[in-house]
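Colleague: Below is the structure I would like to discuss, written out as C-alpha cells.
The values are calculated or read from the model by the stated rules, or taken from the named source; none is laboratory data. The structure displayed is predicted, hence computed values, not measured ones. Virtual Cβ from ideal backbone geometry, glycine too; neighbours counted across all protein chains shown.
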Amino acid sequence: MPLTVVIADDEAAVRDALVDMLSEHPALSVVGVAGDAEAAVRLVREHHPGVAVIDVRIPRGGGLEAILGIRAVSPETRIVAYSAADDRAQMSRILTAGADRYVVKGANARHLVEAILETAAG
C-alpha cells in the first residue's frame with residue numbers, strides 16, 4: 001500500500017510539479033492538494049496521510065499554523081516543511097512547532113522524495 005501524501009503550496013505551478021513528481025513514485029500516493037494553511041489542515045483531518053509536505057510561507061495562517069493544526073488533528077501524520085529560504089532561525093521555529101523535516105526548495109527532486117520516505121519511516 002503506497003504512502004499517502006498531502007501537499008500544500010501557494011503556487012499552483014509548484015503544486016502541479018510536486019503532484020507530477022510524487023505521482024511517478026510507486027511508493028507514494030498524493031491524496032490531497034491545498035493552496036493555503038486552512039485547506040491543508042482540512043485535508044489532513046479528512047485523509048490522515050502518512051506525510052504532509054507543507055510550504056513554510058503558505059497563505060491563511062502560514063506554515064507554522066498549518067503544522068500546529070496538523071499536529072492537533074492528525075498527530076500521527078509526519079510533516080516535511082518545504083521552503084525557499086535556507087534560514088536557520090525559521091528552520092528552528094518550524095521544527096520546534098512540530099515539523100519532522102525541513103527541506104529547501106530547489107533541492108534535487110530525488111532529495112524531496114527521499115526526505116518524504118525517510119520521514120515516514122521515522
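Colleague: Tell me which of these V53 doesn't satisfy, since it passes every other one: (1) surrounded by fewer than 21 Cβ atoms within 10 Å (Cβ to Cβ); (2) modelled with pLDDT of 95 or more; (3) touching a Phe, Trp or Tyr at 6+ places or on another chain (Cβ under 6 Å).
Modeller: Every listed condition holds for V53 apart from (1).
Colleague: Out of the residues in the stretch 18-46 that are over 24 Å from E65 (Cα atoms) and not charged (D, E, K, R), state the one that is farthest from the chain's Cα centre (by Cα).
Modeller: The selected residue is P26.
Colleague: While we're looking at this one, here's another question. Hey, among I94, I58, I79, which residue is of a type outside the set (G, A, S), within 16 Å of G32 (Cβ to Cβ) and either assigned to a strand (DSSP E or B) or without any contact (Cβ under 8 Å) to a residue 40 or more places away in the chain (or both)?
Modeller: From the options I94, I58, I79, the qualifying one is I79.
Colleague: Let me ask something additional. How many residues are farther than 18 Å from D100 by Cα and surrounded by 19 or more Cβ atoms within 10 Å (Cβ to Cβ) when one looks only at the stretch 40-50?
Modeller: 1
Colleague: Which pairs do you get when a residue that is of a type in the set (A, V, I, L, M), found in the stretch 2-13, comes within reach of a residue that is surrounded by fewer than 18 Cβ atoms within 10 Å (Cβ to Cβ), reach meaning Cβ atoms under 6 angstrom, with the pair 6+ apart or on two chains?
Modeller: Taking only residues 6 or more apart or on different chains, the pairs are L3/A27.
Colleague: Next question. What pairs can you find where one residue is in the stretch 17-35 and surrounded by 18 or more Cβ atoms within 10 Å (Cβ to Cβ), the other is modelled with pLDDT of 95 or more and of a type in the set (G, A, S), and their Cβ atoms are less than 7 Å apart, with a gap of 6+ or different chains?
Modeller: These pairs meet every condition: A34/A8; A34/A40.
Colleague: Can you give me the number of residues within the stretch 15-55 that are part of a loop (DSSP other than H, G, I, E, B) and of a type in the set (D, E)?
Modeller: The total comes to 2.
Colleague: Could you say which residue among L64, L112 is surrounded by 16 or more Cβ atoms within 10 Å (Cβ to Cβ), over 20 Å from T4 (Cβ atoms), aliphatic (A, V, I, L, M) and modelled with pLDDT under 95?
Modeller: L64
Colleague: Looking at the stretch 68-82, can you tell me whether even one residue there is in contact with a strand residue (DSSP E or B) (Cβ under 6 Å, 6 or more places away or on another chain), buried (at least 17 other Cβ atoms within 10 Å of the Cβ) and more than 24 Å from D20 (Cβ to Cβ)?
Modeller: No: the stretch 68-82 contains no residue that is in contact with a strand residue (DSSP E or B) (Cβ under 6 Å, 6 or more places away or on another chain), buried (at least 17 other Cβ atoms within 10 Å of the Cβ) and more than 24 Å from D20 (Cβ to Cβ).
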